[in-house]
Every structure is written in C-alpha cells, then in structure tokens.
Amino acid sequence: MRRELCIQSLSFPSRDETVALRLQVAQVQTEVVMIPNAELLITRDRDGKHRLIISSQNNCTILSQCLSDDCFTSAQGAAPNFTAPTWLVQMESDGHQKVFHYPQGFRFLNFHNDNTARMFQLGREALSQNGSTVNLPIRQRSDDGGEEMEIDNDV
C-alpha cells in the first residue's frame, strides 16, 4: 500500500501544487527513457518550487522531478537544468511496477517535433519572467472540490 501511495504522489500534482504548464507531446526522451504520447506538467507549490511530471497516456511510464531552482532562471536560450533527483516508474509486462531513482537527474529533454519544443520553450520563458513571480493566470483548486469558481476577466 505504501508503494502505491508513493507512485501516486509521483504521478499527480499534490493538493498544494498548481499546474503552471500542461503540454500534450507525441514523444519525449531523456537519456534513460523515451515516452510516447505523453502529458507533460510543470507544477508550482506554495513555496514557489517547481516539479516536472511526464506520464504516458496509458500511465505505464511516469517520470517525476523536483526541478532545480535555476531551471527557469538560466540565461534565455540556454538549456534548462534537469540535474535534480528524478524518479521513474515503469510498468512491466507482468503488471508489476518498477521504481527507479536517478539522484543526478538527466542531462537533456528532447521532443519529437520542433513545435512541441518551441511550446515548452515559450512556457519556460513565461515561467521565468520576474523570477519566481509568474504572470500567467493559473486556476486554483477549490478546497471543497465542488464549488464553482469565479473567473477574473481582467487577466
């Protein structure tokens, strides 16, 4: 049970995280894994820390990384830093999940096409504006889960 809770915490944003960037990608690759038909999320918690979550459409592969503080503040045009500790969950053919930990993270994140890479770069630039203060409108979750939220039309 504890293992399943750990895997679930890696797979989805926690209650104190908001989704700052969401992309559907045809394929994303690091030096250790290639994930086809993936959803890429970058979340931000109340302390301003970011987390990268990449999960395949069938949830057989999940990559989760707490991004380093300089991931979005590095020079414009420079590659982001993905060297923070990373967890990778992969479903085996027999139905068991294997969990891998990469303390040094990974060196690169490649996308299948240039449009996705450009969208990721634009999202990264938007997140890096004004340091940790993000000017993007981010919908907050309601605490009780069922309340309708009012949208600010000035954004």
(message) Give me the residue from the range 1-55 that is under 19 Å from His96 (Cβ atoms) and within 12 Å of the chain's Cα centre (by Cα) and, out of that set, surrounded by the most Cβ atoms within 10 Å (Cβ to Cβ).
(response) Ser55
(request) State all residues of the range 109-122 that are in contact (Cβ under 8 Å) with a residue 12 or more places away in the chain and touching a Phe, Trp or Tyr at 6+ places or on another chain (Cβ under 7 Å); if no residue qualifies, say none. (result) Leu109, Phe111, Phe120
(request) Return the only residue of Val155, Val134 being surrounded by 14 or more Cβ atoms within 10 Å (Cβ to Cβ), β-branched (Val, Ile, Thr), modelled with pLDDT under 70 and within 19 Å of Val19 (Cβ to Cβ). (result) Val134
(request) Identify the single condition in (1) in a loop (DSSP other than H, G, I, E, B); (2) modelled with pLDDT of 90 or more; (3) hydrophobic (A, V, I, L, M, F, W, C) that Ala26 does not satisfy, given that it satisfies every other one. (result) (1)
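Does the range 17-34 include one or more residues that are among the polar types (S, T, N, Q) and in contact with a His (Cβ under 7 Å, 6 or more places away or on another chain)?
Filtering the range 17-34 down to residues among the polar types (S, T, N, Q) leaves 18, 24, 27, 29-30.
Those left that are additionally in contact with a His (Cβ under 7 Å, 6 or more places away or on another chain): 27.
The answer is yes; a qualifying residue exists.
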(request) Only residues that are aliphatic (A, V, I, L, M) and within 14 Å of Leu127 (Cβ to Cβ): list them for the range 1-49, please. (result) Val19, Ala20, Leu21, Leu23, Leu40, Leu41, Ile42
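The values are calculated or read from the model by the stated rules, or taken from the named source; none is laboratory data. If you're wondering where the values come from, they're calculated on a predicted model, not measured in any experiment. Cβ: placed from backbone, ideal geometry, glycine included. Neighbour counts: every protein chain shown.
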